[in-house]
Structures are given as C-alpha cells and as structure tokens.
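What follows draws every value from the coordinates through simple rules; no lab data is involved. Since the structure is predicted, the reported quantities are computational estimates derived from the model, not experimental observations. Heads up, the Cβs are rebuilt from the backbone with ideal geometry, glycines too, and the neighbour counts pull from every protein chain shown.
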C-alpha cells in the first residue's frame, strides 16, 4: 500500500518503506517504476527478516558503515540492503528470480 507523505519521508530521500507500507514524498513518484521496484526490494528484505530484525540489522549496519566511511551518505549507500536495492532497481523482474536472503552477498565491503 502506497501513501504520500512529505513529512514521513526524511529530507533528501524520495521514499521510505516500513512493511507493509510504502511512503513516497510526492504523488507523481507513484509512476516511477524504478523507485517502486527499489522499495519493493526493501519490502521483500523486511519480510525475509520478519520486519523488526530487519530494522535492527539495518541500523546496526548503518552505524558500522558510518564509523567505517565517516560520511552519512556513503554509509547509507553501503548498507547491504541498500546496495542490493540500488544494484537491482532497474531490473523490473528482479524480485521474480531473487533468491532468499540475497542481500547477504552485498555485505562485503564495497564503496560507492
């Protein structure tokens, strides 16, 4: 279910997904198939980790990456969940062939 909320989506971001909801900053972003695919990848990740553990791991990994890279955006982009979503957001059929816990292969250190 998609909601529009410029207040819930943090500044500098277009979307935010908290299972089972997707929040977009603006109404016209509903037509952005790449963004929707990116957020759908996050929905799948959240389901695999039973939602709450996903956010625990996400925050912990972000903190580790922040210590590692010392820059907010670089830390965010190197979270394994984000790396998987960004790497595959243009493949609109990605979720049809995605293997269980595919985000694990994105845990290795790699800088964007």
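Each label point is 7 Å from the Cα along the Cα-to-Cβ direction; what then is the distance between the points at residue 34 and residue 76, in nm?
Here the modelled spin labels are 1.7 nm apart.
Would you indicate which of [x] 1.03; [y] 1.11; [z] 1.34 is the value of Cα Rg over 2.2 N^0.38 Å derived from the coordinates of this structure?
Evaluating Cα Rg over 2.2 N^0.38 Å on these atoms matches [x].
Pairs of Cα atoms under 8 Å, at least six residues apart: use those to get the relative contact order of the range 56-107, whole percent.
Reported relative contact order: 31 percent.
Go ahead and run the numbers for FRET between residue 107 and residue 2, Cβ-Cβ distance against an R0 of 25 Å, rounding to 0.05.
With R0 = 25 Å, the Cβ-Cβ based efficiency is 0.30.
What percent does the relative contact order of the chain come to when contacts are Cα pairs within less than 8 Å and at least six residues apart?
The normalised contact order for the chain reaches 21 percent.
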